[in-house]
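As structure tokens, the structure follows; a few thoughts come after it.
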Amino acid sequence: MADVTADIEDTKNGLSSTRVAQILLVAAVLLAAARPVLPEFMIRVPEAWIPPFAQWLDYFFNVIVIEKLKIAVLTRWFAEGPLEFMLNTMANLLEGKRRWPFLGPVPWTAVAAVAAVVGYYLGGWRMAALAGGTFIWTALIGQWKIAMQTMSVLSVAAPLAFFTGLLLGITAWKWELVNRIIKPVLSVLQTLPFFTYLLPAVIFFKVGPTAGAVATIVYAIPPMILMTTLGLKKVSPEVVEAGKMAGCTRWQMLTRVYLPAARTEILVGVNQVIMLCLAMVVLTAFIGMPGLGAKLLAMMGSFKLGRSFEIGVTIVLLAVMLDRLSKAWVVKLPEHHEKGTPWWKEHVVLLTAIGAFVVFLALAQFVQVFDHIGRKQDFSRGKEIDTAIKGFLAIDTVQAFTGWWRWFLNVWILIPFRNGLLWIPTPAFILGIVAFSCWLGGKRPAIYAALFFSLVALSGWWDRSVITLYAVISAVILSMFIGLPLGILASRNERWSRRILLACDTAQTFPSFIYLIPAIMLFGVNDVAVIFSIVIFTTVPLTRYTIEGLRTVPPEMTEAADMSGATKRQKLLTVQLPLALPTMAVGFNQAIMFAFFMVIIAAFIGTQDLGQELQRTLAGTDLGKNFVLGICVSLMALSFDLTILSWAERRKRALGLA
Amino acid sequence: MKLKLTLSAAAIALATGTAVHAADSDDPIVIPIHNWSSQIVMSHVVGQIFESMGNNVEFVTTDSQAVYESVRLGDVALELEVWEGAFGASFRAALEKGGLHDAGDHDAVTREDWWYPMWTKDACPGLPDWEALNDCAAVFATPETGDKGRYLDGPVDWLKHGAERAEALGLNFTVINAGSAAALWAEIGAAEADKKPVLVFNWTPNFAEAVWPGEFVNFPKWEDGCDKDPAKGPNPDALYDCGNPATGYLKKAAWDGMGDKWPTAYKVLQAISFTNPQIAEMAKFVDVDEMEPEEAAEAWLEANEAVWKPWVEAAM
């Protein structure tokens, strides 16, 4: 199907991309078949040909950036001055760190009460229960202090990411040149493995909450920029005209016309910022971020599954709460009061919040549990959950089941597949990827794929890159077997769709580290455990976008199919799935991106890929090598990203959906 | 508790009457904590000792390899557990770059080697002698390793040379690298249920000893140069044909500027030296008794005044 549209577009400039893809594929196969007679340099790029990228980068960082330009002095000033001041202030208020203004910590009851009032304002009683309940859970389970350590950093990082993102977004919208520069940088940032952020963050911003905050900001900023630019571009000309007629200055045009008109997109950006910030809670613990993440790593280091699990639940609750609240904010339109409404009525929510805050602040002075939940007063059930998890894993049928899968997948699928990929000569491998990219996405993405993969080959980390790719491909294919049927089944019924989508949200925000231990306990330290932990993550977008794709198929189409007497099966295969495919492709793309993200984390199980080398560079001396490895991951991810998105775009146009 | 400590420290200062040193800076002494219990509790123990002397202390969580870069830059003031085996390389690399120095050894010795939980012995009674390993290789086999035994080594960056040793001693074993300490525990934890024999990398002092009793495999005794000179050890043609040294160091490292900025605290740091049983006790408070690290440190300090008071007295 893809080739029909491809042909329409490409025939005018010579060979169709399908034909090019075929030629490339044949060349790849021939080259691979000729492996026994190929000279050594055609099988792998010889060591001698590999440019010393790592040394160049090291030189660039150590000599130019740090010594000549003194960038580190500037960034360190920022980290130790304004940033640290903000972090300390929040840390004092929320967890009682001994810094100015020496007021905190605010009692947990007061925080929970204010959260509940805000929840009520944004989304009624349900939101109030969710917001208040999350904080009550956190306090009762005995994680208040560490949760507030996390929140104190996030409450600085998220607004900074928001403002910087907004500013960059506006600049990119105003000046096309900036837009052109920023776009590729953002694409790389979004695909760069987190290990690559950590080291520069430590060197330029000092280990501790400062580095944690900066790494979080860098990770969370891209969607904010993109959504801002998108929103501003979509502002309708009528609105702009109206603003001009009212005689707005340029500043007024921006703040009174453009930004309010782009409110929805900007708020979606805010939502994304919050979610990405929470996704970094555990990873930044490696560079000094205090709180839930650090505690989680400590708990996992001493094999306390139950307590780790409880921390995971807290993170999910915080994420779901902030997600729902910010989404409610997107939907909620600004309120306008009639003239003459009394002052207190206009600000009734604010007043209630302040009232609740003061009441609980006062109560906390007299009743200790309202102030903080002491040790031995909490309801943590770590030991019991430990026993339950271990008990489950010890069941004979579970062991037999996982034992069989471990044997089957390893011996019959994964190991042969991996060895097969490693056997293919580098040029044939690149040609194969380019052929795939050309067939699916067209010539442009194919050119990028060729360029990117050649760079990977020249980086000197080819074998490890192939092993990384092997884990990604295996995991995405396996999760298709789970995610697609699940999505198709769930989409048939509103209730099930909602349940499965909630499960998706939970699986996505649950800290990925927690999956690693059960994965090992089920399958042992080997590729099956690695792929299992990736599959949990990649199944989410596949399921989610399958549901969304199928549910947004125009009803006229399905009715037409019903009238022409199609069976359920025919309707699904010939009408619904093809129409849902472009949306599903977005899910597919996200699954690949998630897989690239997770495969690096899986280095903590034990892999032989780029992630393992990246982990090695954490010792802090190999900034150059760290970057080369990170870029390899990024380049491979980008090749797929460009290909699939280009395909989805073309399909949409062909189906008249765009 | 904190108040009491401050008072007792003040009392010491008064009693000895030697408060004429240059005063320590008011800036907080930043102590790094990592993700294993003994190090966390020990950091809090030392932190509370410093606080009892009137210093400000702050803790920051960091990666245990990346921390040496931070000590070097002065972002954190010290590091209390430098393991010869696991962190020696990172420590030496930072030492060469300059900015940090060796602040003395603990009494405690560390040992890192091939290890098995006790139940493994039922399946392979010849242990702990290494020569028994080949006879029981099949007991340790997994689907991926075929008829070879499987040994789960530490993460690659710990540079344990497990594969080289298996080769040098002609062991019929495949060596797999775990990705983290947590991965090692998960493997033992999974084997515990039906007492499956496993052979993994482990070390002491460590919380795992309390949870899963076990033993190290007795390899040919370490000789100096076993990693550089093939002639050393039983195999004349290979390196790494010995067990690891059974008495590796456990060091403290300090930022070069620490002595000038907090002279008294620095003297205490130099005097500090914990023993294996003390470290194990600290870990036990958290791992077995489920205390929070701060409480565990308080409890330990209360029970061991005789140990730490002299360090403070000598420095004041």
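Could you name the lysines in cross-link range of A:Lys443, using Cα to Cα under 20 Å and dropping any fewer than eight places away on the same chain?
A:Lys12, A:Lys652
To two decimal places, what compactness ratio does segment A:1-149 give when its Cα radius of gyration is scaled by 2.2 N^0.38 Å?
On the way: Rg = 30.7 Å, N = 149, 2.2 N^0.38 = 14.7 Å.
Relative to the rule-of-thumb radius for its length, segment A:1-149 sits at 2.08.
Beyond a 23 Å Cα-Cα separation, which of these cross-linked pairs lie in this structure: A:Lys327/A:Lys571; A:Lys304/B:Lys284; A:Lys390/B:Lys195; A:Lys97/A:Lys327; B:Lys251/B:Lys309? Walk me through the intermediate numbers first.
Details: A:Lys327/A:Lys571 34 Å; A:Lys304/B:Lys284 13 Å; A:Lys390/B:Lys195 13 Å; A:Lys97/A:Lys327 32 Å; B:Lys251/B:Lys309 21 Å.
Beyond 23 Å: A:Lys327/A:Lys571; A:Lys97/A:Lys327.
Hey, what's the Cα Rg ratio for segment A:76-173 versus the globular rule of thumb, 2.2 N^0.38 Å? Mind dumping the intermediate values first?
On the way: Rg = 15.9 Å, N = 98, 2.2 N^0.38 = 12.6 Å.
Normalised Rg, Cα atoms only: 1.26.
If we restrict to alpha carbons, what Rg and Dmax does segment B:111-216 come to, in Å?
According to the Cα coordinates of segment B:111-216, Rg and Dmax are 12.6, 34 Å.
Taking GluC sites (Glu not before Pro) as exposed when DSSP calls them loop (any state but H, G, I, E, B) and at most 13 other Cβ atoms lie within 10 Å, what is the longest stretch of chain A free of them, the sites themselves excluded?
Values: sites that count: A:Glu335, A:Glu338.
Free of exposed loop sites, the longest segment is A:1-334.
Taking the alpha-carbon centroid of each part, what is the distance from segment A:586-635 to segment A:98-122 in angstrom?
With segment A:586-635 and segment A:98-122 each reduced to a Cα centre, they are spaced 38 Å.
Please report the spacing between the Cα centers of segment A:202-249 and segment A:471-541 in Å, no decimals.
If we compute the Cα centre of each part, the gap is 32 Å.
Could you check what % of the DSSP bridge pairs in segment B:111-216 are antiparallel, to the nearest 5?
Antiparallel bridges: around 55 percent, rounded to the nearest 5.
Given an 8 Å cut-off on Cα distances and at least 6 residues of separation, report the relative contact order of segment B:111-216 as a percent. Walk me through the numbers before you get to the answer.
On the way: 162 pairs, mean separation 44.3, N = 106.
Once divided by the residue count of segment B:111-216, the mean separation gives 42 percent.
Per-residue Cβ counts within 10 Å, from other chains only, averaged over A:301-313: what number is that?
Values: counts 12, 16, 12, 6, 3, 0, 1, 1, 0, 0, 0, 0, 0.
So the per-residue partner count for this stretch is 4.
Across segment A:285-299, in residue order, what do the Karplus-derived ³J(HN,Hα) couplings come to in whole Hz, using 6.51 cos²θ - 1.76 cosθ + 1.60 with θ = phi - 60° and x for Gly and Pro?
Each residue's phi maps through the Karplus curve to give 4, 5, 10, x, 5, x, x, 4, x, 4, 5, 4, 4, 5, 5 Hz.
For B:Ala103, which sequence-distant residues (separation of 5 or more, or a different chain) have an amide H within less than 5 Å of its own amide H, given hydrogens modelled in the peptide plane?
Placed amide hydrogens put B:Lys252, B:Ala253, B:Ala254 under 5 Å from B:Ala103.
Could you please rank A:Leu305, A:Leu363, A:Leu579, placing first whichever residue has the fewest other Cβ atoms within 10 Å of its Cβ?
With the fewest neighbours first, A:Leu305, A:Leu363, A:Leu579 line up as A:Leu363, A:Leu579, A:Leu305.
In cubic angstrom, how much convex hull volume per residue do the alpha carbon atoms of chain B span?
Details: hull volume 41.8 nm³, N = 316.
Per-residue hull volume (Cα only) is 132 Å³.
Within 10 Å of each Cβ of B:172-180, how many other protein chain Cβ atoms are there on average?
Values: counts 0, 0, 0, 0, 5, 5, 5, 15, 13.
Mean number of neighbouring Cβ atoms from other chains: 5.
When A:His337, A:His372, B:His34 are ordered from fewest to most other Cβ atoms inside 10 Å of their Cβ, what list results? Intermediate results must be reported in sequence, preceding the final value.
On the way: A:His337 10, A:His372 17, B:His34 23.
Ordered by Cβ neighbours within 10 Å, fewest first: A:His337, A:His372, B:His34.
For the protein assembly as shown, what class follows from the C-alpha gyration tensor (a ≥ b ≥ c being the square roots of its eigenvalues): rounded when a/c is under 1.5, otherwise prolate if a/b is larger than b/c, else oblate? Don't skip to the end; give the middle numbers.
On the way: a/c = 1.65, a/b = 1.14, b/c = 1.44.
Oblate, since a/c reaches 1.5 and b/c is not below a/b.
Using θ = phi - 60° and the Karplus relation 6.51 cos²θ - 1.76 cosθ + 1.60, list the HN-Hα couplings for segment B:174-181 in order, rounded to whole Hz, with x at every Gly or Pro.
Result, ordered by residue: 9, 9, 10, 8, 6, x, 6, 4 Hz.
5 Å is the cut-off here: which amide hydrogens, built 1.01 Å from N in the peptide plane, fall below it relative to B:Thr61, excluding neighbours closer than 5 in sequence?
When sequence neighbours closer than 5 places are left aside, the close amide H contacts are B:Ile33.
So for the protein assembly as shown: antiparallel DSSP bridges make up what percent, rounded to the nearest 5?
Details: 17 of 29 bridges.
About 60 percent, rounded to the nearest 5.
Sequence gap at least 6, Cα distance under 8 Å: using those rules, report the relative contact order of chain B to the nearest whole percent.
Values: 553 pairs, mean separation 84.4, N = 316.
The normalised contact order for chain B reaches 27 percent.
Hey, what do the phi angles of segment A:390-402 turn into as Karplus ³J(HN,Hα) couplings, whole Hz, using 6.51/-1.76/1.60 and θ = phi - 60°, x for Gly and Pro?
Whole-Hz 3J(HN,Hα) from phi for segment A:390-402: 5, x, 4, 5, 8, 4, 4, 5, 4, 5, 5, 4, 5.
Whole number please: convex hull volume per residue, Cα atoms of segment A:415-538, in Å³. Each step should come with its number before you reach the end.
Details: hull volume 18.3 nm³, N = 124.
Residue-normalised Cα hull volume stands at 148 Å³.
What residues qualify as long-range amide H neighbours of A:Gly142, i.e. H under 5 Å apart, gap of 5 or more or another chain, H built at 1.01 Å from N?
Counting only residues 5 or more places away or on other chains, the set is A:Phe379.
Let me have the 222 nm mean residue ellipticity of chain B computed from DSSP H runs of 4+ only, each contributing -39500 (n - 2.57), with the sum over all residues rounded to the nearest 500. Spell out each step's value before the answer.
Working: 14 runs with 130 residues, N = 316.
Computed ellipticity for chain B at 222 nm equals -12000 deg cm²/dmol.
Calculate the mean, over all residues of peptide B:156-163, of how many other protein chain Cβ atoms lie within 10 angstrom of the residue's Cβ.
Working: counts 8, 7, 1, 1, 0, 0, 0, 0.
Mean partner shielding for this stretch: 2.
Sorted by mean Cβ packing within 10 Å, highest first, what order do the peptides B:120-126, B:287-293 take? Each step should come with its number before you reach the end.
On the way: B:120-126: 15.1, B:287-293: 17.4.
Taking the mean over residues of other Cβ atoms within 10 Å, the ranking is B:287-293, B:120-126.
With each run of n ≥ 4 DSSP H residues scored as -39500 (n - 2.57), what mean residue ellipticity at 222 nm is computed for chain A after dividing by its residue count and rounding to the nearest 500 deg cm²/dmol? Display every interim value, and only then the final one.
Values: 31 runs with 490 residues, N = 658.
Only helices count here, giving -24500 deg cm²/dmol.
Within a 10 angstrom radius of the beta carbon, how do A:Phe357, B:Phe91, A:Phe408, A:Phe596 rank from fewest other beta carbons to most? Show your work: numbers first, answer last.
On the way: A:Phe357 18, B:Phe91 23, A:Phe408 13, A:Phe596 28.
Ascending number of Cβ neighbours within 10 Å: A:Phe408, A:Phe357, B:Phe91, A:Phe596.
Read the figures in this text as sums done on the coordinates, not as results from a lab. What you see is a predicted model; the values in this text were computed from it and never measured. Reconstructed Cβ throughout: ideal geometry from the backbone, glycine too, with neighbour counts over all protein chains shown.
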